[in-house]
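Have a look at the structure below before the remarks.
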């Protein structure tokens with residue numbers, strides 16, 4: 001029987017990260033998975049803030065892609081200076 005806490009915030013992604021670590025996946029692979037996960041969560045939060053009447057999963061994915069492009073172009077670091 002699984003011992004779980006009421007405040008357990010473990011989700012499917014956490015389980016996947018543990019499996020990757022147990023399998024000794026390269027650190028760069030784990031880091032990439034975390035970066036994409038966080039980018040998707042950020043994209044969803046932006047959609048919720050800017051489109052309170054609703055949005056699609058495709059909108060979240062498209063925004064996550066744009067966030068990635070902003071990071072690659074260097075805009076992300078310049079915008080906070």
Between residue 30 and residue 51, how high is the FRET efficiency from 1/(1 + (r/R0)^6) when r is the Cβ-Cβ distance and R₀ = 30 Å? Nearest 0.05. 0.45
Please report the base-10 log of the normalised intensity I(q)/I(0) for the range 8-81, using a Debye sum with one equal scatterer per alpha carbon and no solvent, at each q in 0.14, 0.22 (1/Å). -0.59, -1.03
Residue order, fewest to most surrounding Cβ atoms within 10 angstrom, among 39, 69: 69, 39
I need the shape label for the range 8-47. Rule: rounded when a/c is under 1.5, else prolate if a/b > b/c, else oblate, with a, b, c from the alpha carbon gyration tensor. oblate
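Quick note: the coordinates plus some simple rules give every number you see, no bench work behind them. Remember, it's a predicted structure, so these values are computed and weren't measured experimentally. Cβ atoms come from the backbone with ideal geometry, glycine included; neighbour counts cover every protein chain shown.
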